[in-house]
Structures are given as structure tokens and as C-alpha cells.
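Report on the following structure.
The values are calculated or read from the model by the stated rules, or taken from the named source; none is laboratory data. This is a predicted model, so every value here is computed, not measured. Here the Cβ positions follow ideal geometry from the backbone for every residue, glycine too, while neighbour counts run over all protein chains shown. Side chains are part of the model used for accessible areas, which takes the heavy atoms of the whole protein and leaves out ligands, DNA and RNA. Shrake-Rupley method; radii C 1.70, N 1.55, O 1.52, S 1.80 Å.
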Amino acid sequence: MRLLDRYLLRELMVPLIYCLGGFLIFWISFDLFSEFNEFQRSKLKPLDIAEYYLVRTPEEMSVVMPVALLLALLYALTNHARHHELTAIRAAGVSLWRLSLPYLAVGFVFSAVLFAINELWVPQTQERSKRILARYMAETSATSLDWRKNLFFMNTPENRSWSVEAYNLMTGEMLQPTIVWELPGGVKRVINAERGRYAAGTWTFFNVQETITSPERMFPLRTETNVLSFTNFSENPELIRSDIKVNTLSMKDAAKEAQLSLQEIV
């Protein structure tokens, strides 16, 4: 790295660090005053509040980083221009493109970091922060964050629909699932179970009532079994969680908070 590059980067990084730190401190202070009553109702301790803001930091960083980089770059360039350093650099034979190269490199690195933050951390921010707020609440209230009721989702490529009375986001357990599976040739398979569980790539259902109808049969075929397993279902807990999260986008309040990664969108 040339001496000029090191100088330009140093003059940029110092105000950039100040901008990042200042914006984060301002955001945490403002949010702390507005959410202090909520923290008291949730009976959070100082360490819990610190953990809460540590979890929320990636979400705020996705907003702060571009603004901080812009302000730091404007400050650095203004400072160089005030001391006629840019004129001296150009007079030394350095092209405008070569002069901009360190700034472009910083912008590229920030873009990569921002993409990683939005993809890996921000989508889980809201769920994790809610769990921290419910940490000292009644057990039933805290546990209810893990359950989603009255779910319906469709696997269009495989012609399979799921209707679930309750689903646990953490364990992948479902209560009262009903699966309607339309097979080639007009065969329809309906599975009603007391509960279901996903483990090691296999869906296992318990206390199952199965009904199969087809054009060849005059009457449907009904069977009952204690345990029924499927290894060829493409649905998995990760896909179901993404589907639940996408469905919340139709709710006005949740749409303001929902953050989707590219993997969830796909």
C-alpha cells in the first residue's frame, strides 16, 4: 500500500469511527428513554438491557453505516480541500481515479459488511429482542412466543397443503396437523394427526387417521396408525418459519418490523 493510500485511509477512518460511535450512542440513548417503561414492566436487569441493545445493534448498523460513511467522506474531502491537499496530489501526477481508489475500496468493504449484516443478523433481531423482553415474564407468556396458532401453508410444486392448529418455532413440533396431498392420477391423501415432529430430515406423525380417495375406488380407504413417518417431504422447520415470517408481512404492524434475508425470500 502506498504512503498516499495510508494517509487518505487514516484521514477517512478517524471521522468514520466517530460518526459510527456517535450515531449508535445517540440511538441507544434515545431508544432507552422511550423504552424504559417497557424494560421496567419486563423486569429486565442492566445486563439484560445491555444484551437487548447488543442484539438490536446490527439492525441499527444497517441504517447508520451508509450515513456515517457519507458524512465521514464529506468531512475528509472538505478537510483535504481546505488545506489544498487535493490540488497538490493532482499536481504530483496522481489521476482522479487513483485518488478515489482508497475510498472506493472502503465503500466496497462496507457494502460487503452491510450485506452480511442484513443477511445473517438483522432477520433474527426482532425475534431475539422479544425473547429478551419476555425473559422474566410468566412462563406461559414467555413460552407463547415459541408457538404460532392456526397456520396454513401450501407446497405448490408437490401439491401438498398443511393446516396446523399450533406450531412450535423452536422445536418444530406441531399439534393437530392436517395434510392434504394430491397425487398424480386424481389420488388424494388426507392425513390427520394428533401431533407431528421433525427430526433428522424425517417428519413423524402420531395417532394418525389417513384417508385415501381415488377415481378407481367407490369409497375412500381409511386407516389408523400410531406412528407414520415421511422422509420425502421437502418441507422443513426452516421453510415453515420463513413462510410464517412472510405471512406476517400482510399485517400492518408486523410489516414495519419484518426483515427478510435473501434465503427466506427465495
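Quick notes on this one:
- When you restrict to C-alpha pairs under 8 Å that are six or more residues apart and normalise by the size of the chain, the relative contact order lands at 12 percent.
- The candidate values are (1) 0.93; (2) 1.17; (3) 1.01; the one derived from this structure for Rg/Rh (Cα atoms, Kirkwood Rh) carries the label (2).
- Taking a sphere under 12 Å around the Cβ of Arg195 and counting the other residues whose Cβ falls inside, with K and R at +1 and D and E at -1, yields a net charge of -2.
- Under the criterion of Cα pairs below 8 Å and six or more residues apart, the relative contact order for the range 1-150 equals 38 percent.
- Surrounding net charge for Trp27, when Lys and Arg each add one and Asp and Glu each subtract one, Cβ distance under 14 Å: -3
- Separation of the range 56-76 and the range 84-131, taken as the distance between their Cα centroids, equals 10 angstrom.
- Inter-centroid distance (Cα atoms) of the range 155-190 relative to the range 205-231, Å: 13
- Cα gyration tensor, the range 39-164 - rounded (a/c under 1.5), prolate or oblate: oblate
- Apolar share of the accessible surface for the range 139-238: 51 percent from carbon plus sulfur atoms, 1.4 Å probe.
- Net charge of the neighbourhood of Asn236, taken over other residues with C-beta under 14 Å away and scored Lys/Arg +1, Asp/Glu -1, is -3.
- Cα lying deepest toward the dipole's positive end in the range 65-131, options Phe108, Asn118, His83, charges on Cβ: Asn118
- Karplus 3J(HN,Hα) series, Hz, for the range 115-132 with 6.51 cos²θ - 1.76 cosθ + 1.60 (x for Gly, Pro): 5, 5, 4, 5, 8, 9, 10, 4, x, 9, 5, 4, 5, 5, 5, 5, 5, 5
- Sites Leu74 and Val266, calculated FRET efficiency, Cβ-Cβ separation with R0 25 Å, nearest 0.05: 0.10
- Length gained when the stretch Ser29-Asn226 is fully extended (0.36 nm per residue, less Cα-Cα span): 65.3 nm
- Each residue of the range 146-163 was assigned a 3J(HN,Hα) from its phi angle through the Karplus expression (A = 6.51, B = -1.76, C = 1.60, θ = phi - 60°), giving 7, 10, 10, 10, 6, 9, 9, 9, 10, 9, 5, x, 9, 6, 9, 10, 10, 10 Hz with x at Gly and Pro.
- Charge dipole (the range 1-61, unit charges on Cβ, about Cα centre) - positive-most of Ile25, Leu54, Leu3: Leu3
- Dipole magnitude of the chain, debye to nearest 20 (Cβ charges: Lys/Arg +1, Asp/Glu -1, about Cα centre): 500
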